[in-house]
Amino acid sequence: MEKTVRIFQKIIGIICENNHILKDKMALNSNLKDDLNLGADDIHNICAEVQQYFNIKISEEEAKNLKTIQDLVFLIEVKIA
């Protein structure tokens, strides 16, 4: 659980830094497009930073399938396990 919290906090930091979204608007179940108004380019940039920070690879297909912050947290957890 602690690892999930750390990953979630890092993702929130990345999203806030690049998209000027307040942290208190985000939750694990926040929809990247509908709740946070992120476009495909924004999500691509978030994935690029996540890949660099966690030293993982996220395919284009995986990135396209991301709907919520929780989806991204789960994907990271699987890849760093």
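Here, each number is a calculation from the coordinates, and none is a lab measurement. Remember, predicted model here, so these are calculated numbers, not experimental data. Ideal geometry is used to build each Cβ from the backbone, glycine not excepted, and the neighbour counts take in all protein chains shown.
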Estimated dipole of segment 2-80 in Debye, rounded to 20 [Cβ of Lys and Arg +1, of Asp and Glu -1, Cα centre]: 220 debye
Taking placed amide H atoms and a strict 5 Å upper bound, the residues 5 or more places from ASN31 or on another chain that come that close are LEU36
Taking only the alpha-carbon atoms of the chain, the convex hull volume per residue, in cubic angstrom, is 81 Å³
